[in-house]
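Down below is the structure, laid out as structure tokens.
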Amino acid sequence: MKYPAFVRKINGVLALVSGFLILLIGAFAVYEAVSRLVYEPTKWTLNLSTYMLIYIVFLGSPYAFETHGHVFVDLFRDIMDKFSKKRLPRRICAVAGYCLSIVFIGTLLYASWKMVAKALKFQTLTTTTIPIPLWILQIVMAIGCILMLVTLVCIILDIISGSEEFI
């Protein structure tokens with residue numbers, strides 16, 4: 001199975017959204033610095049920037065998996081290449097690593113979904129200067145985890161089918 005183009009497209013769009021949010025955080029930081037010099041500082045920029053950072057991490061992570069933006073342990077890959085000219089050991093280790101990632105992200109998905117359900121049940125608001133429903137911040141964790149899981153499954157299927165892109 002070749003890595004699906006629609007997954008690349010979705011991850012690319014979400015990476016652009018993450019990049020735009022980073023740009024907004026920078027603009028808010030400049031606005032905050034200027035407002036401190038000119039008049040009194042704002043009370044909302046830090047909170048809003050923190051909220052956007054949560055979205056940046058969870059919406060940008062699937063793209064990081066897809067583009068090898070996460071950490072590899074090159075030492076082990078180099079050792080495997082020295083001892084075996086075949087790519088099978090490297091392929092097995094890549095699949096094993098991605099499977100461990102699935103276990104971790106699946107656990108995170110379960111925990112984040114429970115947090116969202118609890119926040120919805122009790123209608124919890126943030127305790128900062130911008131009181132918004134907490135589930136709005138937490139739902140992106142579940143969405144990001146689902147997208148990461150889809151990306152990881154596609155990567156594993158791509159590796160198993162013989163592709164060299166993700167090993």
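Readers should treat all values here as calculations from the given coordinates under stated rules, not as data from a laboratory. On a predicted model such as this, the values are computed, not experimentally measured, just so you know. Cβ atoms come from the backbone with ideal geometry, glycine included; neighbour counts cover every protein chain shown.
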Filter region 58-96 for residues that are under 18 Å from residue 11 (Cβ atoms) and surrounded by 15 or more Cβ atoms within 10 Å (Cβ to Cβ) and give the result.
58, 59, 60, 61, 62, 63, 64, 65, 66
Residue 48 fails exactly one of the following numbered conditions: (1) touching a residue at least 12 places away in the same chain (Cβ under 8 Å); (2) surrounded by fewer than 17 Cβ atoms within 10 Å (Cβ to Cβ). What is the number of that condition?
(2)
Only one residue in 134, 120 is farther than 30 Å from residue 156 by Cα, exposed (fewer than 15 other Cβ atoms within 10 Å of the Cβ) and aliphatic (A, V, I, L, M), so which one is that?
120
